[in-house]
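The values are calculated or read from the model by the stated rules, or taken from the named source; none is laboratory data. If you're wondering where the values come from, they're calculated on a predicted model, not measured in any experiment. Please note: Cβ atoms are built from the backbone with ideal geometry, for glycine as well, and neighbour counts cover all protein chains shown. Calculation scope for accessible area: heavy atoms of the full protein, side chains included, ligands and nucleic acids excluded. Shrake-Rupley method; radii C 1.70, N 1.55, O 1.52, S 1.80 Å.
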Amino acid sequence: MRDRVRALPGVRFVERCDVDGVVTTPDKTRVTGVRLRSRTDPKADETVAADLVVDTMGRGSRSPRWLADLGYPVPDEKRMRVDVHYSTRLFHREPADLDGCRHVIVGLPPSGRRGGLTLAVEGDRWLVTLVGMLGERPPSDLDGFVEYARTLWSGEVHEVVDRATPIGEGVTGAFHEYVRHCYDRLTAFPDRYVVSGDAVCSLNPVYAQGMSVAISEAQTLGLIVDRHGLDRVGKRFFRQTRQLVNTAWTLATGADLAHPEVQGPRPMPWRVINAYMNRLLPAAHRDPLVADMFLKVNTFVAPPPHLFHPRILAHVLRNGRTPTGREHAEPVRTGQDAQSSP
Ligand SMILES: Cc1cc2nc3c(=O)[nH]c(=O)nc-3n(C[C@H](O)[C@H](O)[C@H](O)COP(=O)(O)OP(=O)(O)OC[C@H]3O[C@@H](n4cnc5c(N)ncnc54)[C@H](O)[C@@H]3O)c2cc1C
């Protein structure tokens with residue numbers, strides 16, 4: 001992807017440097033470029049003029065500080081602590097593994113703190129990630145990794161790591177808290193400036209939504225610029241992406257709030273939806289129709305109300321049973337691209 005982006009006309013990569021501020025018109029109403037600070041050569045610092053500046057600096061975005069420095073209001077911030085830890089290892093993959101299934105997600109049950117997933121990746125390999133929540137830490141050493149996989153409520157991930165030949169060492173990572181900057185509520189914002197992706201909202205990666213949000217936002221930005229040009233682009237962008245970010249935030253935090261230890265608001269609509277999701281997720285583990293719709297909603301291909309369609313509802317009532325401990329349900333395995341979920 002990097003090579004493809006580099007090959008696009010008009011694209012220049014400026015490497016080993018940081019953006020350390022925006023430049024504006026004297027009245028500070030419009031952003032006109034960015035200041036670049038070289039990490040290796042102070043003489044190479046430069047200012048890049050721009051018709052439009054998009055902050056995609058991720059969680060570490062400095063836009064709130066820059067806005068304050070320019071005299072603008074700073075967006076309200078929401079945070080939610082979940083303390084997620086990861087451990088990932090690669091294994092050799094045989095075509096017959098898991099009956100040819102390429103993708104299994106064992107989600108965290110409402111009362112549990114452990115989950116995992118195994119994905120077929122290039123080079124005939126499994127990429128296996130184990131997840132722990134609220135301080136639970138999956139080990140990266142092989143023995144610990146296999147033992148942790150054994151404790152998941154469904155057995156497919158353990159089936160892979162127990163038999164397959166490991167490749168290389170384990171790698172660990174962590175995500176401590178959600179952060180959302182509510183740019184959509186600002187009354188004043190400089191022109192020709194946009195903040196996007198994790199810089200606006202950084203979500204628990206367990207639900208794999210961050211890239212879908214970032215890509216949908218990029219598409220929306222393209223449409224806005226095509227349709228309206230660059231004036232007031234930031235305000236239009238935040239208004240038009242509000243629903244997308246709300247949906248991602250509500251789906252992900254809503255699932256995490258099922259854990260009594262997670263601090264956050266639990267209004268009545270959430271309780272009803274959560275009770276339903278507690279049945280839907282186990283159903284998705286066994287039922288391809290439910291699994292498919294859950295993944296579509298989770299990746300914003302379908303809107304959330306689709307989960308309540310009478311046909312899905314009927315399948316959920318038939319197949320939904322909350323996992324209480326480790327069990328070996330017969331998961332969805334309907335061919336090469338089948339997956340089981342939660
Ligand atoms: C462990 C983990 C697993 C994940 N798994 C998934 C998944 O399966 N599916 C999914 O959709 N999402 C996943 N995500 C989330 C996804 O990675 C993010 O949502 C996505 O990368 C956000 O893209 P972004 O461009 O907004 O920010 P980022 O990808 O964070 O990119 C920001 C970039 O800006 C650079 N930068 C920061 N400050 C400056 C500066 N001052 N000057 C210059 N450069 C700067 C950073 O170095 C970085 O390269 C995962 C996240 C984590 C942490």
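Under a Cβ-Cβ cut-off of 15 Å, what is the net charge of the residues other than D256 that fall near it, where Lys and Arg count +1 and Asp and Glu count -1?
Overall, the nearby charge balance is +4.
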Handout entry: Exposed-site-free run, longest, the chain (rule: GluC sites (Glu not before Pro); DSSP loop; at most 14 other C-beta within 10 Å)
Key = 123-260
Exercise for the section: Would you mind checking which residues have amide H under 5 Å from G21's amide H? H placed 1.01 Å from N; only 5 or more apart, or other chain. Expected result: R35
Exercise for the section: Give a residue-ordered list of calculated ³J(HN,Hα) values for segment 19-26 (Karplus: 6.51 cos²θ - 1.76 cosθ + 1.60, θ = phi - 60°; whole Hz; x for Gly, Pro). Expected result: 6, 10, x, 9, 9, 9, 5, x
Practice task
Write down Rg/Rh for segment 174-260, rounded to two decimals, with Rg from the C-alpha atoms and Rh from the Kirkwood relation over Cα pairs.
Solution key: 1.01
Exercise for the section: Could you go through segment 220-225 in sequence order and give the Karplus-derived ³J(HN,Hα) for each residue, using 6.51 cos²θ - 1.76 cosθ + 1.60 with θ = phi - 60°, rounded to whole Hz, and x for Gly and Pro? Expected result: 4, 4, x, 5, 4, 5
Exercise for the section: Using 0.36 nm per residue of separation minus the Cα-Cα distance, give me the extension gain between N274 and L223 in nm, one decimal. Expected result: 14.9 nm
Fill in the blank from the handout: Applied in sequence order to segment 280-296, the curve 6.51 cos²θ - 1.76 cosθ + 1.60 (Karplus, θ = phi - 60°) yields integer Hz couplings, x standing for Gly and Pro, of 5, 5, x, 4, 4, 5, 10, 10, x, 5, 5, 4, 5, 5, 4, 5, 4
Problem - Principal axis dimensions, segment 120-188 - Cα atoms, whole angstrom, descending - result: 58, 29, 23
Exercise for the section: Using 0.36 nm per residue of separation minus the Cα-Cα distance, give me the extension gain between R6 and K28 in nm, one decimal. Expected result: 4.7 nm
Fill in the blank from the handout: Per its Cα gyration tensor (rounded if a/c is under 1.5, else prolate when a/b beats b/c, else oblate), segment 234-291 is best filed as oblate
Practice task
Above 32 angstrom, tally the Cα pairs of the chain and express them as a % of all pairs, no decimals.
Solution key: 40 percent
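Viscosity 0.890 mPa s, temperature 25 °C: what is the translational diffusion coefficient of segment 1-62 from Stokes-Einstein with a Kirkwood Rh over Cα pairs, rounded to a whole number of µm²/s?
Approximately 185 µm²/s, per Stokes-Einstein.
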Handout entry: Residues of type lysines that K235 reaches as a straight line, Cα spacing below 22 Å, ignoring anything fewer than 8 places off in the same chain
Key = K28, K78
Problem - Paramagnetic reach from R59 in segment 115-142 [backbone N under 20 Å; point 7 Å along Cα→Cβ] - result: 115-117, 129-140
Practice task
Calculate what fraction, in whole %, of the accessible area of the chain sits on carbon and sulfur atoms when a 1.4 Å probe is rolled over the protein chains.
Solution key: 53 percent
Exercise for the section: Quick one: which residues, 5 or more positions from L108 or on another chain, have an amide H under 5 Å from its amide H? H modelled 1.01 Å from N in the peptide plane, none for Pro or chain starts. Expected result: none
Practice task
For K296, go through the lysines and keep the ones whose alpha-carbon is under 17 Å away, minus same-chain ones fewer than eight residues off.
Solution key: none
